[in-house]
Amino acid sequence: MSRETIATPPPEDKPPVTGNTSSSAAGATAIISTIKHGISRSGISKSISSFSKVNKFGGFDCPGCAWPDPDDHRTIAEFCENGAKAVADEATKKKITAEFFTKHSVSALTQKSDEWLNAQGRLTSPMMLDEDSENYTTISWQNAFDLIAVELAQLNNPNEAIFYTSGRTSNEAAFLWQLLARAFGTNNLPDCSNMCHESSGFALSDSIGIGKGTVKLEDFNSADLIFVVGQNPGTNHPRMLTALRDAKKNGASVISINPLIETGMKKFKHPQNPLEMLGSGKSISDRHVRININGDLAFFRGLNHVLIKKGYFDQEFISTYTSGFENYQTSVQTVDWNEIESVSGISREEIETIAEIVGNSKSLITCWAMGITQHHNSVETIQEMVNTHLLGGHIGRKGAGVCPVRGHSNVQGDRTVGINHIASPKLIQNILDSTGIRTPDNHGYDAVNAARAMIEGKGKVFLAMGGNYLSAMSDTKLIAEAMNNCELTVFVSTKLNRNHLVTGKKSLILPCLGRTEMDYQSHGNQFVTVENSMGIVHSSEGHMKPSSSDLMSEPAIVAGIASALESRIEMSDLGWNYLVEDYDRIRDLIEQTIPGFKDYNSRVRERSGFYLPNSPRDNLTFDTDTKKANFRFHEITSMKPNTSEFVMMTIRSHDQYNTTVYSGQDRYRGIKSGRRIVMINPQDAKENNLQAGELVDLISVFEGEKRQSSKWYLVEYDIPRGNIATYFPEANELIPLNSTANVSNTPTSKSVIVRIEKSQD
Ligand SMILES: Nc1nc2c(c(=O)[nH]1)N[C@H]1C(S)=C(S)[C@@H](COP(=O)(O)OP(=O)(O)OC[C@H]3O[C@@H](n4cnc5c(=O)[nH]c(N)nc54)[C@H](O)[C@@H]3O)O[C@H]1N2
Ligand SMILES: Nc1nc2c(c(=O)[nH]1)N[C@H]1C(S)=C(S)[C@@H](COP(=O)(O)OP(=O)(O)OC[C@H]3O[C@@H](n4cnc5c(=O)[nH]c(N)nc54)[C@H](O)[C@@H]3O)O[C@H]1N2
Ligand SMILES: [Mo]
C-alpha cells in the first residue's frame, strides 16, 4: 500500500502547563465546564434540550459511563460534568462532509492530533477508501453493504473475519451483531471488554458463578465500609461520588486504595445541590492507602492473613456457602511480611489497622476498575478481594457485595446478549433453538488474538461496531500492521478517529445514529435498551433530529450487511429487515435466547426498567463447579523492574473519553495543557538526574524486544517511588502485545516496565 499513515498521535511541540492539584471535585467549576462544553460544541438550544433528557425516564442513557441511576427518582440533573461532555461531543453541530475527505488525504489526517480529529464533528455519510487511494470518497449504503458481502463471501473460511464491538452499542444492535457473526460461521467477536473488565468476568465467574457485581445502588446506603480500589471516580464515574457521599451520610467509611490521591476521593462538591456547592466540599475518603502499582494482591493477602489470624471470619457463612476455605486457610497461615510490605508499599502496621476495620464491618462493598483489571495478575488479585468478602460473609447481604464498576455505558449489556468470543454450550443451544443458527463451538479471537491473526494474515476482514480498536489496543504499531494486512476494514462510527485512517487495503466508514438522536424505522420511532453496571436493563430513546439524513441506526446497518450477505452465501434466513422494522421484534428474539429477559418488552417500558437475575445477590446460590462460592489461592506475584526501570500505568485524564480527547487539560491533577507527560516522583527524578519539564524518551523492553516512544515531558507528581504514570492512548505503543493478564488475556495497560532516557535533540 502506498499510504503513509502514522498510527500514533504526533508529538506535542509545547511543554505542558502545570499548576496545583485540585482539592475538590465537581462543584461550581464542573457546572461551568459542563455548560461551556455543551454550548460551544452543540449550540445553546440544542445543548439545553439534550441535557434535559439525559438519564431521565423516557430520555436517553448517558453515553458517559455505566454507573446506575437511582431506581425511584431522578434529580433535576442526573448527569455529571463528564457525562455532559460525552453528550455534547455527540450532539455537536459540526459535521464532516464528503468535501472534508476530498480536502484531506488519510496520510495527512494522521499528522493531526486525536483532539483535532474528534473536533471535526459528526460523520454524515458512508465513505469508501479504495485500494491505493489516498482519499475517502462517497459510496451509497447499498454499495457499501455489497462490498462487505463480496469481501466476506470470498474468504477461505469464516474465521478470517473479525467482528469487533465497543461498549456503547445497544442490546438490540449487539444481539444482531453477534448473530450475524455466528450465522456467517465465526465466534470472532473481540470487544472492548477484553481490554477492560475481562479479568473481573473470569475471576468472578470462577469464584462466585457470575461474571458481574452483586450490589444494587441502594446497598451503598446500608454499607458501613466501602473500598474504592484502582478507580478514579471523580473523573470516570462522577455520579458514583453521590452514592459515596450518601453512604457516608449514613455512617459508612470509605477507604481508597490507589497509587495516586485522586481528587474526587479527597473532596467532593455535589453539583446537583447548590447549598453544598457553596461549602468546602465533603471529604469522601476517610483513609487513603497509597499502594504501589500492582501491589494489591500482596495487600489483600496480608489483610486476609490478619483477618483469619485474629478470628475475624464468619464460620457459619463459610461452611454454608463456600468451598475451599481449609486449603486457603492453610496456604495463608504464614506470610512473608517483607514481601507483602515491599510489593504493596504498605506497612504491616497499616494493614493490621485496616484488618481491624474490615473485621468489625457488618457490610463491606468493594468497588474496583482498571487499576485492578489491567495487570498480569488481575484475575488472581480480584479473587483475593473476593476472598475478603467470603471471609466476612459480605455477599448476598444487604449493604454488602462486590462491585466491579463498568466503563462503557452498555459494555455489560453487550456481554449479556451474546457478544463473547467464547460461546458457552448453553448460548449455542439457545441460539439454535430461537433462530436455527448453528454457532461454531470453537473459541473465537479476543482483542489480542484478533491482532495476532491479522498480523499473521489469518484475519482479513475487520468490522468494528463502534470504538477505536487501533488506539485502544496495546502495541499501536503492531495493530497498525494488523490493520494494513486486512483486505477490508469497516467502521460503524459516530465520530472520526485514528482507526479510520490506519486501515486495510480498502476501508469503509459507516456513520450511525448516536444515543441522543431519534431513530425512525418503518414502524415508527424506536428506542433501544441498555444494561448498567448493576444489572438493570432500561430503555434509551433519543429525541434530537439526526445530524444527517444519511445516517443509519446500528441495528439497520447490521441488517443491511446481513441481507447483502444472504444473497451471496448460504446463511440462516432470520428476516433481518423485518426485525429492524420494529425493535420490539429484536427484543422478543433476545427474550427467546437469553435467560432473564422474560416479558422484556413490557418490563422495559416500566419507569426504571428491570433487574436481571443475579443468584449470589438474590439468593446466595453460586453457579460454580462446586455450586458454592470458591476460595481461590494464588501465590503473590509482582513486577520486577531492574534498577533505573519504572513500573508505568497508563491512565485517563479528566478531558478524554477513552481514545476521544476533548482537550489537553487534566484539571483535577493540575495539568492545564499537554498530554505527552510522564508523572514521576520528585525524588526519583532527582536520583535519575532528571528535571521537571525535561524532554525524555520512554523505552519498554519485553521478551528481548525494545519499544520506544519519543518526546515526553516530565512532570513531578505525588506518586509512589518507582512508579510513573502516562496517558492512554498516547503511551499504548509501549505496551507489548504479548504482555497480557493470566487467564483473561487483557493487555497489561497498568503494568508496563519502562526505562527513561533523555531525548536526543
Ligand atoms: N470521563 C470519562 N469517563 C469514563 C471513561 C473516560 O475515558 N472518561 N472511560 C470509561 C471506561 S471504558 C472505563 S473502563 C472506566 C475507567 O475508569 P478508571 O478505572 O477509573 O480509569 P483509569 O483512568 O484507567 O484509572 C485507573 C485508576 O487506577 C489507579 N491505579 C493504577 N494502577 C493501580 C494499581 O496497581 N492498584 C491500584 N489500587 N490502583 C491503580 C490509577 O491511579 C487510577 O486512579 O471509566 C469509564 N468512564
Ligand atoms: N493503555 C490503555 N489502553 C486502554 C485502556 C487503558 O486504561 N489504558 N482502557 C481500555 C478500556 S477500559 C477500553 S473500554 C477500551 C476502549 O476501546 P473502544 O471502545 O474501542 O474505544 P473508544 O475510544 O471508546 O471508541 C471511541 C469511538 O467510538 C465511536 N462511537 C462513539 N459512540 C458511538 C455509538 O454510539 N455508536 C458507534 N457505532 N460508534 C460510536 C466513535 O467513532 C469514537 O471515535 O480501551 C482500552 N485501552
Ligand atoms: Mo473500559
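The values are calculated or read from the model by the stated rules, or taken from the named source; none is laboratory data. None of these values were measured; they are calculated from a predicted model. In this analysis, Cβ positions are derived from the backbone assuming ideal geometry, glycine residues included, and neighbour counts consider all displayed protein chains. Surface areas here come from the heavy atoms of the whole protein model, side chains and all, with no ligands, DNA or RNA. Shrake-Rupley method; radii C 1.70, N 1.55, O 1.52, S 1.80 Å.
Across the stretch 185-223, what is the number of residues that are in a loop (DSSP other than H, G, I, E, B), more than 16 Å from ligand 1 (Cβ to nearest atom) and either under 13 Å from Asp414 (Cβ atoms) or open to solvent by 10 Å² or more (accessible area, probe 1.4 Å) (or both)?
Here is the first cut: in the stretch 185-223, the ones in a loop (DSSP other than H, G, I, E, B) are 185-190, 196-197, 209-218, 223.
Next, from what is left, pick out any that are more than 16 Å from ligand 1 (Cβ to nearest atom): 185-189, 209-210, 214-218, 223.
Subsequent filtering for residues that are either under 13 Å from Asp414 (Cβ atoms) or open to solvent by 10 Å² or more (accessible area, probe 1.4 Å) (or both) retains 185, 189, 209-210, 216-218.
Residues that pass the stated criteria total 7.
Sort out which residues of the stretch 146-179 are open to solvent by less than 10 Å² (accessible area, probe 1.4 Å), away from ligand 2 (no atom under 16 Å from the Cβ) and in a helix (DSSP H, G or I), and write them in order of number. Listed by number, the residues that qualify are Ala149, Leu152, Leu179.
Quick grid of which residues meet (1) in a helix (DSSP H, G or I); (2) open to solvent by less than 50 Å² (accessible area, probe 1.4 Å); (3) at pLDDT 95 or above; (4) within 16 Å of ligand 3 (Cβ to nearest atom):
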position	(1), (2), (3), (4)
Arg74	no, no, no, no
Asp89	yes, yes, no, no
Ser125	no, yes, yes, no
Asn143	yes, no, yes, no
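Among the residues of the stretch 431-445, is there at least one that is within 19 Å of Ile561 (Cβ to Cβ), assigned to a loop (DSSP other than H, G, I, E, B), at pLDDT 95 or above and of a type in the set (Lys, Arg)? No, the stretch 431-445 contains no residue that is within 19 Å of Ile561 (Cβ to Cβ), assigned to a loop (DSSP other than H, G, I, E, B), at pLDDT 95 or above and of a type in the set (Lys, Arg).
Got a sec? Which of Lys672, Lys686 is open to solvent by 30 Å² or more (accessible area, probe 1.4 Å) and in a strand (DSSP E or B)?
Working: Lys686 fails: in a strand (DSSP E or B).
Answer to the selection: Lys672.
For residues that are within 11 Å of ligand 2 (Cβ to nearest atom) and open to solvent by 20 Å² or more (accessible area, probe 1.4 Å), tally how many sit in the stretch 641-658. The total comes to 3.
When the stretch 97-111 is filtered for residues that are of a type in the set (A, V, I, L, M, F, W, C) and either open to solvent by 10 Å² or more (accessible area, probe 1.4 Å) or not assigned by TED's automatic domain parsing to the domain that holds Glu517 (or both), the ones remaining, listed by number, are Ala98, Phe100, Ala108.
Is it the case, given these coordinates, that Leu737 is under 27 Å from Ser113 (Cβ atoms) and assigned to a loop (DSSP other than H, G, I, E, B)? Reasoning before the result, please.
Details: under 27 Å from Ser113 (Cβ atoms): yes; assigned to a loop (DSSP other than H, G, I, E, B): yes.
So Leu737 passes the test.
Scanning the stretch 390-422 for residues that are open to solvent by 10 Å² or more (accessible area, probe 1.4 Å) and assigned to a loop (DSSP other than H, G, I, E, B) turns up Gly396, Arg397, Lys398, Arg406, Gly407, His408, Asn420, His421, Ile422.
Would you be able to tell me the number of residues in the stretch 702-742 that are of a type in the set (Gly, Ala, Ser) and more than 15 Å from ligand 2 (Cβ to nearest atom)?
If we filter the stretch 702-742 for residues that are of a type in the set (Gly, Ala, Ser), which is where we start, we get 704, 709-710, 722, 725, 731, 739, 741.
Filter once more, keeping what is more than 15 Å from ligand 2 (Cβ to nearest atom): 704, 710, 722.
Qualifying residue count, the stretch 702-742: 3.
Counting only residues that are open to solvent by less than 10 Å² (accessible area, probe 1.4 Å) and of a type in the set (D, E, K, R), the stretch 361-389 holds 1 of them.
Looking only at helices (runs of 4 or more DSSP H) that fall completely inside the stretch 533-639, which ones have 2 or more residues that are closer than 30 Å to Gln383 by Cα?
Working: elements: 554-566, 576-581, 583-593, 600-603, 615-619.
Where helices (runs of 4 or more DSSP H) fall fully within the stretch 533-639 and carry at least 2 residues being closer than 30 Å to Gln383 by Cα, they are 615-619.
Please work out if Gly345 is touching a residue at least 24 places away in the same chain (Cβ under 8 Å), more than 18 Å from Ser253 (Cβ to Cβ) and open to solvent by 40 Å² or more (accessible area, probe 1.4 Å). So that I can check it myself, show each step before the final result.
Details: touching a residue at least 24 places away in the same chain (Cβ under 8 Å): yes; more than 18 Å from Ser253 (Cβ to Cβ): yes; open to solvent by 40 Å² or more (accessible area, probe 1.4 Å): yes.
The answer is yes for Gly345.
Among the residues of the stretch 515-527, those that are open to solvent by 20 Å² or more (accessible area, probe 1.4 Å) and farther than 17 Å from Glu90 by Cα comprise Tyr520, Gln521, Ser522, His523, Asn525, Phe527. With respect to the conditions (1) more than 27 Å from the chain's Cα centre (by Cα); (2) under 25 Å from Gln665 (Cα atoms), Leu734 falls short on a single one, namely (1).
Which of the residues spanning the stretch 228-243 are of a type outside the set (S, T, N, Q) and part of a helix (DSSP H, G or I)? It would help to see each step written out before you state the result.
Kept after step one, since they are of a type outside the set (S, T, N, Q), are these residues of the stretch 228-243: 228-230, 233-234, 237-241, 243.
Passing the criteria: Pro233, Gly234, Pro238, Arg239, Met240, Leu241, Ala243.
Taking the options Asp475, Asp446, name whichever one is crowded, with 22+ Cβ neighbours inside 10 Å and within 16 Å of ligand 3 (Cβ to nearest atom). Going through Asp475, Asp446 in turn, the sole match is Asp446.
Residues in the stretch 545-588 that are touching a Cys at 6+ places or on another chain (Cβ under 9 Å) and of a type in the set (Val, Ile, Thr): Ile557 alone.
Please pick out the residue among Arg182, Arg239 that is open to solvent by less than 10 Å² (accessible area, probe 1.4 Å), more than 16 Å from ligand 2 (Cβ to nearest atom) and among the charged types (D, E, K, R). Break it down into steps so the answer makes sense when it comes.
Working: Arg239 fails: open to solvent by less than 10 Å² (accessible area, probe 1.4 Å).
One residue alone meets the criteria, Arg182.
Would you point out which residue out of Glu341, Glu384, Glu326 is assigned to a helix (DSSP H, G or I), modelled with pLDDT of 95 or more and under 27 Å from Lys212 (Cβ atoms)? Break it down into steps so the answer makes sense when it comes.
Numbers: Glu341 fails: under 27 Å from Lys212 (Cβ atoms); Glu326 fails: under 27 Å from Lys212 (Cβ atoms).
The match here is Glu384.
Conditions tested, residue by residue: (1) touching a Pro at 6+ places or on another chain (Cβ under 7 Å); (2) buried (at least 18 other Cβ atoms within 10 Å of the Cβ).
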{"site": "Gly693", "(1), (2)": "yes, no"}
{"site": "Gly704", "(1), (2)": "no, no"}
{"site": "Ser709", "(1), (2)": "no, yes"}
{"site": "Tyr713", "(1), (2)": "yes, yes"}
{"site": "Phe728", "(1), (2)": "no, yes"}
{"site": "Ala731", "(1), (2)": "no, yes"}
